[in-house]
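Student: Structure incoming, see below.
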């Protein structure tokens, strides 16, 4: 926190947090790696002459080389291209499903924490019961029994991941509810939803951002897991989970098909987790290392 | 104490189980397609008979009541895809395998996780700390379906130390257990480290230091006990993770456990098998959470008053 005992002028919470974040070397490295991977994925059409489903059987299973940077799979599809386009899908799922889970979680937690009493008891008992539900199993059932689509994948995963967010937000809102500035707002005659939106929510943005950052890798992992089981993104579309499954099937003869997608997925997850940890230390000084 | 446990069981465990069984039941039934709709076409007469045999011709709500009444006695009915076998039999056969795998994995995770946490906390913010925590982070960031194949590639195919798959000998059990345990090493290491850093600033640690005890002894004998509380309460969620994690590990290493049966049942639309496994998994997870909660309350004197 403040090092020399004085608050310098104009140090807002966010700027303060940013300074702490930049000082954390692991999370800055994570940021750079992540930005690099995202840029590559976004610029995919500029970087490779192939499309993700372009097959050329005569050049099947070529090892990495000049023609194909990371080699090709058995059907002669360029692995580098498939990793980049797969990355687009994986990131899209990660971001959209996180957004869904943040929206549900914040709304649920804020309402429960603000109104308290019976509302709170019922809403949080629901969360408790949902926690005990074997959710991976639930997602598997959903994906098996209903027509598989990206939309269903977003909804299924988002619906699973909001529980912890709801708990965190509820705790924060309950702590803030009896603070003086809320009493002041009530005294000024503001309506409940105005207080919630303008006074309470801005104050809990820190923990929400931190937990959302940590949700993204969890969701990308779940997507990869479902795709690996054959329940997520469907071929010939590409996603990191599918690539890893295809790579596993032929790892004895063509190990690069497993190794490259595995490295990219793991690097991304590492970066996201380091960034999340860095943000937690930066935005929530109480739980920081010092 | 007894009242606390009974309250937990009657007001939380049992209602949760009923809700879970109900949701799963209707979710499966409302989904398009039936258990006999996928494979080669069956004549209408046979289909009617099949439906009558499994009670699928009755009203949905009647089916639901029959089912709920049956699962109280752990009777999950006959399997749709394994003719002549009951779901209870299949679970009884395959669950011990999953359990064994889970116990090995948990042991590996607890021992290495606590060790890593101790090493990291013994010198916070040092190179040793960062290195240990970064390595154990690998368990979180490298998914089991990546770690498993990579371990097989290295230790079975290249070095030839362990068999690729199967579940017959002891050497079969090593790679799957490590793969599954890796995930929890990281979490346990982080919890141990965090707990240790919190306890190391407590007064009784200062007392121990003032007595002139060597630092290592303070760490292991005095601080560790208090630091392990978060680890203990993590065991509930960990058990859940071990169950879901074992789907993949069992598939990769072709282990005849419950996870593999569940994935196969989901793909085959084996209604009773899916219902049975879901209710069974939920039962295990919820009981485990209850046990862990009671244990945590027993160990932590500050929570003990909430038991009365």
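Student: Please count how many residues of the stretch B:32-55 are assigned to a loop (DSSP other than H, G, I, E, B) and either within 13 Å of chain A (Cβ to nearest Cβ) or at pLDDT 70 or above (or both).
Tutor: In the first step, residues of the stretch B:32-55 are kept if they are assigned to a loop (DSSP other than H, G, I, E, B); the result is B:32-43, B:54-55.
If we keep only those that are either within 13 Å of chain A (Cβ to nearest Cβ) or at pLDDT 70 or above (or both) too, we end up with B:32-35, B:37-38, B:43.
Counting residues in the stretch B:32-55 that are assigned to a loop (DSSP other than H, G, I, E, B) and either within 13 Å of chain A (Cβ to nearest Cβ) or at pLDDT 70 or above (or both) gives 7.
Student: Might you check whether a residue that is away from chain B (no Cβ under 11 Å) and more than 24 Å from residue A:31 (Cα to Cα) occurs anywhere in the stretch A:202-215?
Tutor: Looking only at the stretch A:202-215, we keep the residues that are away from chain B (no Cβ under 11 Å), and these are A:202-213, A:215.
Retained after the next criterion (residues that are more than 24 Å from residue A:31 (Cα to Cα)): A:202-203.
So far as the stretch A:202-215 goes, yes, one or more of its residues are away from chain B (no Cβ under 11 Å) and more than 24 Å from residue A:31 (Cα to Cα).
Student: In addition: Scan the helices (runs of 4 or more DSSP H) fully inside the stretch A:92-187 and keep the ones with 2 or more residues being in contact with a helix residue (DSSP H, G or I) (Cβ under 6 Å, 6 or more places away or on another chain) and closer than 30 Å to residue B:269 by Cβ. Working first, answer last.
Tutor: Numbers: elements: A:117-132, A:135-145, A:150-177, A:180-187.
Where helices (runs of 4 or more DSSP H) fall fully within the stretch A:92-187 and carry at least 2 residues being in contact with a helix residue (DSSP H, G or I) (Cβ under 6 Å, 6 or more places away or on another chain) and closer than 30 Å to residue B:269 by Cβ, they are A:117-132, A:135-145, A:150-177.
Student: In the stretch B:261-274, which residue that is assigned to a helix (DSSP H, G or I) and within 10 Å of chain A (Cβ to nearest Cβ) is nearest to residue B:8 (Cα to Cα)?
Tutor: Filtering the stretch B:261-274 for residues assigned to a helix (DSSP H, G or I) gives B:261-268, B:271-274.
The next check asks that each one be within 10 Å of chain A (Cβ to nearest Cβ); those that pass are B:262-263, B:265-268, B:274.
Working: B:262: 29, B:263: 31, B:265: 32, B:266: 31, B:267: 35, B:268: 36, B:274: 27 Å.
The residue in question is B:274.
Student: Can you confirm whether residue B:219 is more than 10 Å from chain A (Cβ to nearest Cβ) and under 24 Å from residue B:99 (Cβ atoms)?
Tutor: No, not satisfied.
Student: On the basis of being buried (at least 20 other Cβ atoms within 10 Å of the Cβ), over 20 Å from residue A:230 (Cα atoms) and at pLDDT 80 or above, does residue B:280 make the cut? Spell out the reasoning first.
Tutor: Details: buried (at least 20 other Cβ atoms within 10 Å of the Cβ): yes; over 20 Å from residue A:230 (Cα atoms): yes; at pLDDT 80 or above: yes.
It is true that residue B:280 is buried (at least 20 other Cβ atoms within 10 Å of the Cβ), over 20 Å from residue A:230 (Cα atoms) and at pLDDT 80 or above.
Student: It is to be established whether one or more residues within the stretch A:123-145 are surrounded by fewer than 17 Cβ atoms within 10 Å (Cβ to Cβ) and in contact (Cβ under 8 Å) with a residue 24 or more places away in the chain.
Tutor: no
Student: Could you list all residues from the stretch B:124-164 that are more than 8 Å from every other protein chain (Cβ to nearest Cβ) and outside any helix (DSSP H, G or I)?
Tutor: B:126, B:159, B:160, B:161, B:162, B:163, B:164, listed by residue number.
Student: What is the residue count in the stretch B:135-158 for residues that are more than 15 Å from residue B:181 (Cα to Cα) and at pLDDT below 80?
Tutor: The total comes to 3.
Student: Based on this model, can you work out whether residue B:174 counts as under 30 Å from residue A:257 (Cβ atoms), modelled with pLDDT of 85 or more and either surrounded by fewer than 23 Cβ atoms within 10 Å (Cβ to Cβ) or out of contact with any helix residue (DSSP H, G or I) (no Cβ under 9 Å at 6 or more places or on another chain) (or both)? Outline the logic, then answer.
Tutor: Values: under 30 Å from residue A:257 (Cβ atoms): yes; modelled with pLDDT of 85 or more: no; either surrounded by fewer than 23 Cβ atoms within 10 Å (Cβ to Cβ) or out of contact with any helix residue (DSSP H, G or I) (no Cβ under 9 Å at 6 or more places or on another chain) (or both): yes.
Taking the combined requirement at face value, the residue does not satisfy it.
Student: Please list, ordered by residue number, the helices (runs of 4 or more DSSP H) wholly in the stretch A:189-262 having 3 or more residues that are under 19 Å from residue A:78 (Cβ atoms) and touching a helix residue (DSSP H, G or I) at 6+ places or on another chain (Cβ under 7 Å). Quick ask: steps written out before the conclusion?
Tutor: Numbers: elements: A:192-195, A:205-229, A:240-249.
In the stretch A:189-262, A:240-249 are the helices (runs of 4 or more DSSP H) which contain 3 or more residues that are under 19 Å from residue A:78 (Cβ atoms) and touching a helix residue (DSSP H, G or I) at 6+ places or on another chain (Cβ under 7 Å).
Student: Of the conditions (1) modelled with pLDDT of 70 or more; (2) buried (at least 19 other Cβ atoms within 10 Å of the Cβ); (3) away from chain B (no Cβ under 14 Å), residue A:47 clears all except one; give me its number.
Tutor: Tallying (1) modelled with pLDDT of 70 or more; (2) buried (at least 19 other Cβ atoms within 10 Å of the Cβ); (3) away from chain B (no Cβ under 14 Å), residue A:47 fails exactly one: (2).
Student: Here are some conditions: (1) closer than 25 Å to residue A:196 by Cβ; (2) modelled with pLDDT of 85 or more. Residue A:131 meets all but one. Which one does it not meet?
Tutor: (2)
Student: Shifting gears a bit: Quick test for you: out of A:90, A:101, pick the one residue that is within 14 Å of chain B (Cβ to nearest Cβ), in contact (Cβ under 8 Å) with a residue 40 or more places away in the chain and surrounded by 24 or more Cβ atoms within 10 Å (Cβ to Cβ).
Tutor: Values: A:101 fails: within 14 Å of chain B (Cβ to nearest Cβ).
Of A:90, A:101, the one residue that is within 14 Å of chain B (Cβ to nearest Cβ), in contact (Cβ under 8 Å) with a residue 40 or more places away in the chain and surrounded by 24 or more Cβ atoms within 10 Å (Cβ to Cβ) is A:90.
Student: Output the number of residues of the stretch B:1-31 satisfying the condition of being part of a helix (DSSP H, G or I) and either buried (at least 18 other Cβ atoms within 10 Å of the Cβ) or facing another protein chain (nearest Cβ under 10 Å) (or both). Quick ask: steps written out before the conclusion?
Tutor: Filtering the stretch B:1-31 down to residues part of a helix (DSSP H, G or I) leaves B:2-30.
Cutting the leftovers down to either buried (at least 18 other Cβ atoms within 10 Å of the Cβ) or facing another protein chain (nearest Cβ under 10 Å) (or both) gives us B:11-13, B:15-21, B:23-25, B:27-30.
The qualifying residues number 17.
Student: Which residue is surrounded by the fewest Cβ atoms within 10 Å (Cβ to Cβ), if the candidates are limited to the stretch B:253-270 and must be touching a residue at least 24 places away in the same chain (Cβ under 8 Å) and more than 19 Å from residue B:92 (Cβ to Cβ)?
Tutor: This residue is B:254.
Student: Still on this structure, please answer the following. Output the residue which, of all residues in the stretch A:243-262 that are more than 9 Å from chain B (Cβ to nearest Cβ) and surrounded by fewer than 24 Cβ atoms within 10 Å (Cβ to Cβ), is modelled with the highest pLDDT. It would help to see each step written out before you state the result.
Tutor: Quick first cut of the stretch A:243-262, residues more than 9 Å from chain B (Cβ to nearest Cβ) only: A:243, A:246, A:249-250, A:253-254, A:256-257, A:260.
Then drop every residue that is not surrounded by fewer than 24 Cβ atoms within 10 Å (Cβ to Cβ), which leaves A:246, A:249-250, A:253-254, A:256, A:260.
Working: A:246: 82, A:249: 79, A:250: 79, A:253: 77, A:254: 79, A:256: 79, A:260: 86.
Ranking the qualifying residues of the stretch A:243-262, first place goes to A:260.
Student: Then there's this: Within the stretch B:195-252, which helices (runs of 4 or more DSSP H) (wholly inside it) include 3 or more residues that are in contact (Cβ under 8 Å) with a residue 40 or more places away in the chain? It would help to see each step written out before you state the result.
Tutor: Details: elements: B:203-210, B:224-227, B:229-252.
Hits in the stretch B:195-252: B:229-252.
The values are calculated or read from the model by the stated rules, or taken from the named source; none is laboratory data. Since this is a predicted model, take the numbers as computed values, not measurements. Cβ atoms come from the backbone with ideal geometry, glycine included; neighbour counts cover every protein chain shown.
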